[in-house]
Amino acid sequence: MLHCAEIDEAVIEGARYFNAYNYDIHHDPRVTMFTADGRNFLLANSQQYDVIISEPSNPWMAGIGYLFTREFYQLAKRRLAPGGVMCQWLQLYRIFPGDVKLMLKTFHEAFPYVTIWTTIQGDLVMVGSLEPLQLDYGTLAQRMAAPRVREALATVHIDRPEMLLQLFLLGNREVEQLTSDVRWIHEDD
């Protein structure tokens, strides 16, 4: 079961024009789409998820910053099933380095185990969990060999575990060192 919350109905409808790129998500029987704000969607239900992915717009845009707060991460944490992970996209462009450090510190404050990955220049993916994240080369190679995973990764020109692993930037220790001078975390207030 996959739940997708998107605040803008036009985005949901516009996605129909990209079926070749989004795996024809509108016709996937596993997927239910909701026209809803992601934070309110998590707040309004008690469903537990193995993975929560948050891909908001830039945190400096009006109304978006609350998807990068302690309160949002605490809510997401409550909705994770045992062993679950939270992933969030963080853009690096048009944002001050101190604000990036604030976002990293806030995310890590909620999730004791974090890894930070790069995607394309100017983007990060923060991955957090309540349990240690295990990166095992053999398991990664096995999962990447699955046909659907292999095909999906081929679209971004990743065909070997080494190529994926080179996108790893930071772990717990590095995030803690990088954010050691940040004196507060990002909150709703």
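One residue alone among Leu124, Leu135 is within 19 Å of the chain's Cα centre (by Cα), of a type in the set (A, V, I, L, M, F, W, C) and open to solvent by 40 Å² or more (accessible area, probe 1.4 Å), and that residue is Leu135. Selection of region 138-153 for residues being under 20 Å from the mean Cα position of the chain (by Cα) and of a type outside the set (D, E, K, R) yields Leu140, Met144, Val149, Ala152, Leu153.
Within region 65-84, the set of residues being open to solvent by less than 30 Å² (accessible area, probe 1.4 Å), closer than 21 Å to Trp117 by Cβ and not in a helix (DSSP H, G or I) comprises Leu80, Gly84. Search region 104-121 for residues being open to solvent by 10 Å² or more (accessible area, probe 1.4 Å) and modelled with pLDDT of 95 or more, and hand back the single one that is nearest to His186 (Cα to Cα). In this case the residue turns out to be Lys105. For first residues located in region 138-161 and surrounded by 10 or more Cβ atoms within 10 Å (Cβ to Cβ), partners that are hydroxyl-bearing (Ser, Thr, Tyr) and assigned to a helix (DSSP H, G or I) and lie 6+ apart or on another chain with Cβ distances below 9 Å form the pairs Pro161/Tyr137. On inspection, Leu90 fails the criterion of being touching a helix residue (DSSP H, G or I) at 6+ places or on another chain (Cβ under 7 Å), surrounded by 18 or more Cβ atoms within 10 Å (Cβ to Cβ) and more than 18 Å from Glu174 (Cα to Cα). A single entry from Val125, Val100, Val85 fulfils the requirement of being β-branched (Val, Ile, Thr), in contact with an Asp or Glu (Cβ under 8 Å, 6 or more places away or on another chain) and at negative phi: Val85. The residue that is modelled with the lowest pLDDT, counting only those in region 11-61 that are small (Gly, Ala, Ser) and assigned to a loop (DSSP other than H, G, I, E, B), is Ser57. Selection of region 171-189 for residues being surrounded by 13 or more Cβ atoms within 10 Å (Cβ to Cβ) and touching a residue at least 60 places away in the same chain (Cβ under 8 Å) yields Asn172, Val175, Glu176, Leu178, Thr179, Val182, Ile185, His186.
Scanning region 44-57 for residues that are in contact with a Lys or Arg (Cβ under 9 Å, 6 or more places away or on another chain) and open to solvent by 20 Å² or more (accessible area, probe 1.4 Å) yields Asn45, Ser46, Gln47, Gln48, Tyr49.
The values are calculated or read from the model by the stated rules, or taken from the named source; none is laboratory data. Keep in mind it's a predicted model, so treat the numbers as computed, not measured. FYI the Cβ positions are ideal-geometry reconstructions off the backbone, even for glycines, and counts take in every protein chain you see. Note: areas computed on protein heavy atoms with side chains; ligands, DNA, RNA excluded. Shrake-Rupley method; radii C 1.70, N 1.55, O 1.52, S 1.80 Å.
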